[in-house]
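Structure below; questions to follow.
Just so it is clear, none of the values below were taken in a lab; they were calculated from the coordinates. Quick caveat, the model's predicted, so the values are computed rather than measured. In this analysis, Cβ positions are derived from the backbone assuming ideal geometry, glycine residues included, and neighbour counts consider all displayed protein chains.
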Amino acid sequence: MSLANLKLAAEVRAILTDLGVKAETLTGGSLAVRSPITGETIANLHEISAAATDEAIAKAHAAFLEWRMIPAPKRGELIRLLGEELRTHKDALGKLVSIEVGKVTSEGLGEVQEMIDICDFAVGLSRQLYGLTIATERADHRMMETWHPLGVTGIISAFNFPVAVWSWNASLALVCGNSIVWKPSEKTPLTAIATQAILEKAIARYVADGGVVPPSLATLLIGGRDVGEALVDNAKVALVSATGSTAMGRKVGPKVAARFGRSILELGGNNAAIVGPTADLDITLRGVAFSAMGTAGQRCTTLRRLFVHDSVYDQLVPGLIKAYGSVSIGSPLQSGTLVGPLIDKGAFDRMQQALEAAKAAGGKVHGGERQLADEAGDAYYVRPALVEMPEQSGPMVDETFAPILYVVKYSNFDTALALNNDVPQGLSSSIFTNDMREMEAFVSDRGSDCGIANVNLGPSGAEIGGAFGGEKETGGGRESGSDAWKAYMRRATNTINYGRTLPLAQGVKFDL
Ligand code: UN1
């Protein structure tokens, strides 16, 4: 079907009203929401003010004081129901992700699956918020570590994973006994409204089953930058978990730190892969293609830099250029499409600027041209670009949120490893090799300096079970699996004397 014939606004209305969202929510407001598939406006939402944000946070804090008293496994039951509701509404929410972000169908559904997975994880976690028992130096004493709910958790999410990243934070925060306040990207508020409606269904079932949920346990704030700022500055928000650009993190991090709040920052990535002489080139080609072109290059984990050993360069790179030339680009709703649109004109302009800068730095550009402009003038489809670079320089050391893969030839493994690390960002990385020494060196202390380091797969598409995040300008935060939950709780060390004397630590005497 041609892009012009899609009835996206009507589809969006149908999906949201089916989820219980009132029709008037979607019209008459100041925030115009567009679909990158056609560029058309699909809703006009009402925005909340900064003053109303502070009121909402005060209510969220009151909710926290009650929710923290509910036993953790019972809090987990709410997340179990959320996972069930997400399963029920997976197709609808996945489609909305496709319409609002431009993800191809399987990636839209994959995003919802990621939400379901983290709910399952968080349900198990609700019985595993373990603390240690620690050996003490004093007789008849016991020392232990306990974990307690922290407070209001503020979630600032980006357009590219508009709901999965919320779910990583929300499911953990709620299980940990916190209330949540969510400021989604202004580019993707509809998926947030849908998700909130799905959460409200879970809450209604929980309450019908006899559970207690304080009002304002989970608040959605649709608004602009002033709303985000109010959230960041409000001392009642104990933890701000923010996903977005490094420029955003540079503002948010110091502001939260200045009031001694906590933050989890998940910022830019400039992810690389190394292809060694022994690499399985079939797996490499597939792994590179998915992680560099998938999601139209708009994942934090997208592969942006590729270092190819000179002995396999001529076997791999022509095949990649061919894949770039033939990959199917178009409506993400159409089956068979692998690359959907960029989010907006700004993303397209930044991509073109980066390609010009790459040419100026001696790069040979394959692809990168605009597509389908005659069908939809306000939508920005591009052929992904592969750029052969003489060395790592120019725009290659910056993150451009678009499908550009810079390729550099290398001859020495240590040089490639140094290049992998020689950028300001440190999110994800990978190596394709069957050489055990290269593989182990890459994941060792002297290897990749990123939060994610993979072997024989690309840097994108992580599962929820591991901690997600990265170093340096990526911000240092960790979300999702492993022990990332600890950032959502406060830790106390308790020492208990069950004896009849008072021995002091370090042998100190204080005899009255
Ligand atoms: C992001 O791009 O912000 O690892 C998150 C991945 C996804 C999450 C990406 N599971 O690519």
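Based on the Cβ-Cβ distance of ALA418 and ASP120, what FRET efficiency does E = 1/(1 + (r/R0)^6) give at R0 = 51 Å, to the nearest 0.05?
Computed FRET efficiency for ALA418 and ASP120 comes out at 0.80.
Using a 10 Å cut-off around each Cβ, can you sort ILE37, ILE134, ILE42, ILE321 from fewest to most neighbouring Cβ atoms?
Ranked by crowding around the Cβ, least crowded first: ILE134, ILE321, ILE42, ILE37.
Note the full-extension length gain between LYS22 and ARG491 as 0.36 nm times their separation in residues minus their Cα-Cα distance, in nm to one decimal.
164.7 nm
Something else about it: Less than 24 Å apart at the alpha-carbon level, and either on another chain or at least 8 residues along: which lysines does that give for LYS322?
LYS103, LYS359, LYS364, LYS409
In sequence order, what are the phi-derived ³J(HN,Hα) couplings for the range 482-493 according to the Karplus relation 6.51 cos²θ - 1.76 cosθ + 1.60 with θ = phi - 60°, rounded to whole Hz, with x for glycine and proline?
6, 9, 4, 4, 4, 5, 9, 10, 9, 9, 10, 9
Also, quick follow-up: Sum up the charges of everything whose Cβ sits under 12 Å from the Cβ of THR493, counting Lys and Arg as +1 and Asp and Glu as -1, but leave THR493 out.
+2
Work out how much length GLU375 to LYS345 would gain on full extension: take 0.36 nm times their residue separation and subtract the Cα-Cα distance, in nm to one decimal.
Gain on stretching GLU375 to LYS345: 9.3 nm.
Longest segment of the chain with no chymotrypsin sites (Phe, Trp or Tyr not before Pro) in a DSSP loop having at most 13 other Cβ atoms within 10 Å?
261-497
What does the net charge come to around ARG138 if you take all other residues with beta carbon closer than 15 Å to its beta carbon, with K and R at +1 and D and E at -1?
Summing Lys/Arg as +1 and Asp/Glu as -1 gives +1.
A follow-up question, please. I'd like the FRET efficiency for ALA4 and GLU229, computed as 1/(1 + (r/R0)^6) with the beta carbon distance as r and R0 of 35 Å, rounded to 0.05.
After rounding to 0.05, the efficiency reads 0.35.
Tell me the relative contact order for the chain as a rounded percent, counting alpha carbon contacts under 8 Å between residues six or more apart.
So the answer I get is 18 percent.
Which of rounded, prolate, oblate describes the range 162-203, given a ≥ b ≥ c as roots of the alpha-carbon gyration tensor eigenvalues and a/c under 1.5 marking rounded, otherwise prolate only if a/b is larger than b/c?
oblate
While we're here: Quick one: which residues, 5+ away or cross-chain, put their amide H under 5 Å from the amide H of SER430? H built at 1.01 Å from N.
Those lying under 5 Å, H to H, from SER430 are ALA272, ALA273, ILE274, ASN454.
Neighbouring Cβ atoms within 10 Å as the yardstick, rank MET489, MET115, MET293, MET439 fewest first.
Ascending number of Cβ neighbours within 10 Å: MET439, MET489, MET293, MET115.
Sort the range 241-297 into rounded, prolate or oblate with this rule: let a ≥ b ≥ c be the square roots of the eigenvalues of the Cα gyration tensor; rounded if a/c is under 1.5, and if a/c is not under 1.5, prolate when a/b is larger than b/c, oblate otherwise.
In terms of gyration-tensor shape, prolate.
Shifting gears a bit: Considering the zone a paramagnetic label at ASN456 would reach in this model (a point 7 Å from Cα along the Cα-to-Cβ line), which residues of the range 256-285 have amide N under 12 Å from it?
279-284
Give the calculated FRET efficiency between GLU84 and PHE510 to the nearest 0.05, with a Förster radius of 60 Å applied to their Cβ-Cβ distance.
0.55
At a 10 Å Cβ-Cβ cut-off, how would you order LYS22, LYS409, fewest neighbours first?
Listed from fewest to most nearby Cβ atoms, that is LYS22, LYS409.
Within the range 9-35, what residues put their amide N at less than 14 Å from the label point 7 Å along the Cα-to-Cβ vector of ASN44?
24-34
Let me make sure I get this right: for the chain, a, b and c are the square roots of the gyration tensor eigenvalues over alpha carbons, sorted descending. Under 1.5 in a/c it's rounded, otherwise prolate if a/b > b/c, else oblate. Which is it?
In terms of gyration-tensor shape, oblate.
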